[in-house]
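**Student:** Here's a structure for you.
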Amino acid sequence: MPECVLCREAVTNPVCPDCLAEQVAAWLGEREPGLLSELRVRTRQMSLHLFDEDKCVICFKGMDICAYCYTEHIFDWLKTTKNLELVNGFLSAFHFDLERKGYVKRAEEEGFVLA
Ligand SMILES: [Zn+2]
Ligand SMILES: [Zn+2]
């Protein structure tokens, strides 16, 4: 079973950072288009191809980073904007922290999650 090179979790239903970034860009472009170029930079940081053991189910390219780690990376960056609405919107649209033990919990502790 291929695993994410960052968190070492087995990757189920793999979607690569580039494909996720397209979805994030569509979402972000409607809200904060000024952040799109930074999103591209942040995505490139996570678009690693070390082993490419897994294949993205959308574009079929090799991938190493799971959706959780990618969205965590983007989420940590969005938090630096201090835009609560944006941070919460991102969480409801993209969070892959399904058990709310990772970055969702951290965001709650940091006071970012309103609901
Ligand atoms: Zn991971
Ligand atoms: Zn892909």
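**Student:** Rank HIS49, VAL15, LEU36 by how far each Cα sits towards the positive end of the charge dipole of the chain (+1 on Lys, Arg Cβ; -1 on Asp, Glu Cβ) and give me just the farthest.
**Tutor:** Positive-end residue among those listed: LEU36.
**Student:** Given only helices, namely DSSP H runs of n ≥ 4 each adding -39500 (n - 2.57), what is the per-residue ellipticity at 222 nm of the chain, to the nearest 500 deg cm²/dmol? Don't skip to the answer; put the middle values down first.
**Tutor:** On the way: 5 runs with 57 residues, N = 115.
The per-residue figure over the chain is -15000 deg cm²/dmol.
**Student:** Sort ASP97, ASP52 so that the residue with the fewest other Cβ atoms within 10 Å of its own Cβ comes first and the one with the most comes last.
**Tutor:** Details: ASP97 18, ASP52 14.
Ascending Cβ contact count within 10 Å gives the list ASP52, ASP97.
**Student:** Are there trypsin sites (Lys or Arg not before Pro) in segment 1-101 that DSSP puts in a loop and that have at most 14 other Cβ atoms within 10 Å, and which ones? Before the final figure, lay out the partial values.
**Tutor:** Numbers: sites: ARG8, ARG31, ARG40, ARG42, ARG44, LYS55, LYS61, LYS79, LYS82, ARG100, LYS101; in loops: ARG8, LYS61, LYS82, ARG100, LYS101.
Here the sparse-neighbourhood loop sites are ARG8, LYS61, LYS82, ARG100, LYS101.
**Student:** Take the Cα atoms of segment 17-109, build their convex hull, and give its volume per residue in Å³.
**Tutor:** On the way: hull volume 9.2 nm³, N = 93.
Spread over its residues, the Cα hull of segment 17-109 gives 99 Å³ apiece.
**Student:** For the chain, which longest stretch is free of loop sites, where a loop site is one of the GluC sites (Glu not before Pro) that DSSP puts outside H, G, I, E and B and that has at most 11 other Cβ atoms within 10 Å?
**Tutor:** 1-98
**Student:** Taking R0 as 22 Å, what FRET efficiency do you get between PHE60 and CYS7 from their Cβ-Cβ distance, rounded to the nearest 0.05?
**Tutor:** 0.45
**Student:** What is the magnitude of the charge dipole of the chain about its Cα centre, with +1 placed on the Cβ of each Lys and Arg, -1 on the Cβ of each Asp and Glu, and no other charges, expressed in debye to the nearest 20? If you can, show how the numbers build up before the last one.
**Tutor:** Values: 13 positive and 19 negative charges, 31 e Å.
In total the dipole reaches around 140 debye.
**Student:** Next question, about the same structure. How large is ³J(HN,Hα), in whole Hz, for each residue of segment 57-67 in order, when computed from phi with the Karplus curve 6.51 cos²θ - 1.76 cosθ + 1.60 and θ = phi - 60°, using x for Gly and Pro?
**Tutor:** 3J(HN,Hα) across segment 57-67, in whole Hz: 6, 9, 9, 6, 7, x, 8, 10, 10, 7, 4.
**Student:** Could you please report the charge total around TYR68, scoring K, R as +1 and D, E as -1 over all other residues with beta-carbon less than 15 angstrom from its beta-carbon?
**Tutor:** With Lys, Arg at +1 and Asp, Glu at -1, the net is -3.
**Student:** Also, I was wondering about something else. State the answer as a single residue: which of CYS66, VAL104, GLY89 lies farthest towards the positive end of the charge dipole of the chain, with beta carbon charges of +1 for Lys and Arg and -1 for Asp and Glu, about the Cα centre.
**Tutor:** Comparing the listed Cα positions along the dipole, GLY89 ranks first.
**Student:** Give, as ranges by residue number, the residues of segment 85-115 whose backbone N falls under 20 Å from the point 7 Å along Cα→Cβ of LEU48.
**Tutor:** 96-97, 102-103
**Student:** Could you tell me the center-to-center distance, by alpha carbons, between segment 7-22 and segment 52-115 in angstrom?
**Tutor:** Spelled out, the Cα-based centre of one part sits 11 Å from the other.
Every number here is computed from the coordinates shown, using simple stated rules; none is lab data. Predicted, not measured: the structure shown is a model, and the values here were computed from it. Positions of Cβ are generated from backbone atoms using ideal geometry, with glycine treated the same way; all protein chains shown enter the neighbour counts.
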